[in-house]
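In what follows, a single structure is set out as structure tokens and then discussed.
The numbers here are math on the coordinates, done by the rules we state, and not lab data. Note that this is a predicted model, so its numbers are computed, not measured. Cβ placement follows ideal geometry from the backbone for every residue including glycine, while neighbour counts extend to all protein chains displayed.
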Amino acid sequence: MPDNGKTDSEGGKRIMALNFAVIQGNFVETPELKLTPSNNYIVSFRFAWNEKSSNENEKTLFIRCTAWREKAEFISKYFTKGQQAIISGKLVTNEFTDKEGNKRSNIDLYVSEIQFCGKKEENAQAQLSAPSYIPLLQTKPTSGGSFEYLSEDDDLPF
């Protein structure tokens, strides 16, 4: 573990914490894309997975997940209720006060990555409609550059 130079209140070295979760499971609901007041896309959804205990009893666990911007757009476009996926990200504790005035908290997963998973035919439609090529915007540099810009109709010089 690298030395981060930080110490705890007793003078001992503090170890940096790792906060990263990876879960393979299913969408409990179809993600709904929303726009924040600051014009950022956000999507929240519940995600479920099954876990076996030591006595071989299986139980279903749930977590609320949130994604922003391009990741939110992607999730809302290509994933639906019941679809299997692998998600990864950071666990975050959200504290709030309920209607009765009690302090409560819950743990959410802030999604940083998502991958298609499961049977190929279940994901075939989503993968076929995914963009395979996104052209870059063509901009010229603001300061002088030594590049020669070619139009799309010009032949390449090699």
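Residue by residue, region 57-69 carries 3J(HN,Hα) couplings of 7, 9, 9, 9, 10, 10, 8, 7, 10, 9, 9, 10, 6 Hz when phi is fed to the Karplus relation 6.51 cos²θ - 1.76 cosθ + 1.60 (θ = phi - 60°); x denotes Gly or Pro.
Taking each residue as 0.36 nm, the span from Asp98 to Gln84 lengthens on full extension beyond its C-alpha to C-alpha distance by 1.8 nm. The distance between label points at Glu56 and Leu33 comes to 4.6 nm (points 7 Å beyond Cα on the Cα→Cβ vector).
FRET efficiency for the pair Glu113 and Lys13, taken as 1/(1 + (r/R0)^6) with r the Cβ-Cβ distance and R0 = 35 Å, rounds to 0.65.
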